[in-house]
Amino acid sequence: MIQALFGQLLVGLINGSFYALLSLGLAIIFGLLNVVNFAHGAQYMMGAFVAWMGLSYLGVGYWWALLLSPAAVGLVGIALERVLIRRLYGLDPLYGLLLTFGLTLIVEGLFHHAYGNSGNAYPVPALLQGGVNLGFMYLPIYRAWVVVVSLVVCFGSWLVIEKTRLGAYLRAGTENPRLLQAFGVNVPFMFTVTYGFGVARAAFAVVMAAPIYQVTPTMGANLIMVVFAVVVIGGMGSIAGSIFTGVGLGLVEGITKYLYPEASNVVIFVIMALVLLLRPAGLFGRER
Amino acid sequence: MTRILRNTTWALALLAAGAAAAAEKVSDGVVKIGVLTDMTGYYSDLAGPGSVEAAKMAVEDFGGKVLGKKIEIISADHQNKADIASNVARKWFDEEKVDAIADLVSSSTAGAVMPIAAEKKRITLLSGPATTGFTGGSCTAYNVHYTYNNWALAHGTGTEVVNSGGKTWYFVTADYIFGKSLESDTTDVVKAAGGKVLGSARFPSPGTTDFSSYLLQAQASGAQVIGLANAGSDTINCIKQAKEFGITPKQSLAGLLVFISDIHSLGLATAKGMYLTTSFYWDRDDASRKWSKRFFDRRKAMPTMIQAGVYSAVMHYLQAIKAAGTDAADPVMKKMKDTPVNDFFAQNTRIGPDGLHRHPMYLVQVKSPEESKYPWDYYKIVKTIPADKAFPSVEEQKCPLAVKK
């Protein structure tokens, strides 16, 4: 019994680190740009398809895909920011939500038309195949790799934003972009880069996820709702908040799947409702 | 002048009478078949646009006209939602003059549309849904369940797996009518064959992508066989993740509803060795190959059993209209049940008084990458299950309409 619970907790931790990895990009974009990036799910899905196309058409393997797919999708994100999203700064966040949600529907529809719904398989890289028997469960090496990488990446991002000069600019830009611009910092450029970076983060997360899930046009839509809940619970825009909440919610979900599987889809949203009632700004957020 | 006028009047009257007679034969001067399916969601690859294409092929092959009137195919996306399905069906029947609805993949949508069709005396040609009760407790006089049902899947795969030594089972079940009914049908089969069911994990569907929790529970149960009472992308992810967590090949998977589109996207390396039951395999004989290659040219994918079933059902329906000399539902249903089906899908099979089309099913095993010689060469046919063994008998189905007689 205890053994099974350990297994579920570990699975929860693995999913939680995905949530953390993915919600980080959203949190950064919202925190700095005040844009609710509903296109995150579509960008995530695009990252998977770039990796899959690279492998099937050009023979580009997993390791290069970890680098190239975020770069490619990040560039698309930058173009998007320059053409469309920058027109929304200073407006009600609802406009951003509508624009990015519309874009999501278009992008998903296009991929659906071209690749169908069942999707394509993306193999686990040779180096990370197999697994270890932990006694209470069999842990696939690839899943362990996911946990380690996402924790490193999350902690690294937090360090950059909280402890470096670049991070200080970013935080200042969030607080008062005009003042920062008066100090000679190219704020619009910084915003563009931030958006591209946030989007690239989604593509990175999906290359990590592709060998586990099927590469399908709806893979982002399946995840984006949960990830939004993570960001809301953690506090919109809070980097540390989204990391802790991501991992925490993964664990809660894991336990629910064990105790009462039927509720596993709902539990995150129940928590979200409770948090919004008691702390409307989220666990780690502050009132704006 | 008056003579000309009189003659013209006569001619017009005759024409009008002729038109009226024809209108009686074919209501509204057109035979309209609606394909109501999942166009974009979870089941869109195994039914969806492929089902619509199959229906169109049937109409083309029939010649585009029946009893001198045009045959029209329309389609809509029910998004796997019962309320959308019933709204579309009502609109189709009331405003669009649709005579029959085909496919209806996903049992919840079929269950919503069938009573409406029966009330309006229109025909449902189920190819996609699986619930056995559609020709049992909830049967209607205007329904044909054409391609497969849970009973056939459970018996085909369940019996065979238990007989080859898989005595203890654990289910990973999609938590809605289809999954639950498939689980309960298979449970009965496993018990009857001398096996034991240790438990089940039910997951919310659609919406689940990570199955590791449920698979770990199945693993912890120690069952020899994990029965996948789910479909589409749920099944794909289950199979993939079971391999990842080292569950297979120690415990074996029994795919209770697996389509060739699933195998195609999983790849043979992951799916090899798995047993499944299907009513159609494109590479079974010359006739099935010939039709499937035509389908492939249009869709760039081989047909699933649902899509092949839509073609065959629509064709049988059109032939029944021709034979009955009308598109009125009652005589057409009678003709469909009286005439045997004879095409690439099924040979000399019959639709029972309960509306269930009883035909052979095939137990197949997925080939390994080495065994597969050409594209879509995926299955070995292990066993042909004859129609009377593949489907429940009229007595077992207990459809009130059929029992009364």
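Counting Cβ atoms of other protein chains within 10 Å of each residue's Cβ and taking the mean over peptide A:113-123 gives 6. Summing +1 for each Lys or Arg and -1 for each Asp or Glu among the other residues whose beta-carbon sits under 12 angstrom from that of B:Thr173 gives -3. Per-residue ellipticity at 222 nm computed for chain B from its helices equals -13500 deg cm²/dmol, with DSSP H segments shorter than 4 residues left out and the rest contributing -39,500 (n - 2.57). If you take the Cα centroid of the range B:266-292 and the Cα centroid of the range B:94-164, the two points sit 23 Å apart. Express as a percent, rounded to the nearest 5, the fraction of DSSP beta bridges in chain B (both residues included) that run antiparallel. Roughly 30 percent of the DSSP beta bridges within chain B come out antiparallel. What separates the Cα centres of the range A:213-276 and the range A:16-75 is a distance of 18 Å.
Counting, for every residue in A:249-259, the Cβ atoms of other protein chains within 10 Å of its Cβ and taking the mean gives 2.
Given +1 at the Cβ of Lys and Arg, -1 at the Cβ of Asp and Glu and no other charges, the dipole of the range B:69-227 around its Cα centre is 240 debye to the nearest 20.
In plain terms, if you count all Cα to Cα distances in the range A:2-219 and split them into 5 Å steps from zero, the share in each step is 1, 7, 13, 17, 18, 15, 12, 8, 5, 2, 1, 0, 0 percent. Among A:Ser150, A:Ser56, A:Ser264, the largest mean-square fluctuation in a Gaussian network model of chain A, built with springs joining Cα atoms closer than 10 Å, belongs to A:Ser56.
Mean-square fluctuations from a GNM of chain A, with a 10 angstrom spring cutoff on Cα atoms, peak among A:Gly246, A:Gly254, A:Gly156 at A:Gly156. Report, in degrees rounded to the nearest 10, the 0 to 90 angle that the Cα long axis of helix B:82-94 makes with the longest principal axis of chain B. Rounded to the nearest ten degrees, it is 10. Net charge of the neighbourhood of B:Asp83, taken over other residues with C-beta under 13 Å away and scored Lys/Arg +1, Asp/Glu -1, is +3. To the nearest ten degrees, helix A:62-83 and the longest principal axis of the Cα atoms of chain A are 30 degrees apart. Remark: the range A:2-219 carries a charge dipole of roughly 340 debye about the Cα centre, counting +1 on each Lys and Arg Cβ and -1 on each Asp and Glu Cβ.
If both residues of a DSSP beta bridge must be in the protein assembly as shown, then about 35% of such bridges are antiparallel. Near B:Thr147: Cβ cut-off under 12 Å, other residues only, Lys/Arg at +1 and Asp/Glu at -1. The net charge is 0. Semi-axis lengths, largest first, of the ellipsoid equivalent to the range B:33-182 are 30, 17, 15 Å, with √(5λ) applied to each eigenvalue of the Cα gyration tensor. Counting every other Cβ atom within 10 Å of each residue's Cβ, B:Lys97, B:Lys373 order from fewest to most as B:Lys373, B:Lys97.
Placing pseudo-labels 7 Å out from each Cα toward the beta carbon at B:Val403 and B:Lys191 gives an inter-label distance of 2.0 nm.
The aspartates and glutamates whose alpha-carbon is closer than 20 Å to the alpha-carbon of B:Lys250, local same-chain residues fewer than 8 away aside, are B:Glu160. Mind scanning B:Lys70/B:Lys398; B:Lys167/B:Lys300; B:Lys121/B:Lys293; B:Lys180/B:Lys240; B:Lys240/B:Lys300; B:Lys121/B:Lys389 and naming the pairs with a C-alpha gap bigger than 30 Å? Listed pairs above 30 Å: B:Lys70/B:Lys398; B:Lys167/B:Lys300; B:Lys121/B:Lys293; B:Lys121/B:Lys389. A protection proxy built from the mean count of other Cβ atoms within 10 Å ranks the segments B:170-177, A:159-166, B:263-270, B:67-74, most packed first, as B:170-177, B:263-270, B:67-74, A:159-166. Listed by chain and number, the aspartates and glutamates whose C-alpha is less than 13 Å from the C-alpha of B:Lys25, apart from same-chain residues fewer than 8 away, are B:Asp99, B:Asp327, B:Asp330. Taking the longest Cα principal axis of chain A as reference, the axis of helix A:219-234 is set at about 70 degrees.
Computed from backbone phi, the HN-Hα couplings of the range A:257-269 come to 4, 7, 7, 8, x, 4, 8, 5, 6, 8, 4, 5, 6 Hz, rounded to whole numbers (Karplus: 6.51 cos²θ - 1.76 cosθ + 1.60, θ = phi - 60°; Gly and Pro given as x).
Only Lys, Arg, Asp and Glu carry charge here, each on its Cβ (+1 for the first two, -1 for the last two); on that basis the protein assembly as shown has a dipole of about 540 debye about its Cα centre. Taking the convex hull of the alpha carbon positions in the range B:152-197 and averaging its projected area over all directions gives 2.8 nm². Between the beta carbons of B:Glu371 and A:Ala126, assuming R0 = 25 Å, the FRET efficiency works out to 0.60 to the nearest 0.05.
The rule of thumb for compact globular proteins, 2.2 N^0.38 Å, goes into the C-alpha radius of gyration of the protein assembly as shown 1.07 times. For the residues of B:197-210, the average number of beta carbons from a partner chain within 10 Å of their own beta carbon is 4.
Taking the three principal axes of the alpha carbon atoms in the range B:310-405, the coordinate ranges are 52, 31, 16 Å, sorted in descending order.
Taken together, the values in this text are just the output of simple stated rules run on the coordinates, not laboratory data. Please read these numbers as outputs of a predicted model, since none were measured by experiment. All Cβ positions, glycine included, derive from the backbone under ideal geometry; neighbour counts span all protein chains shown.
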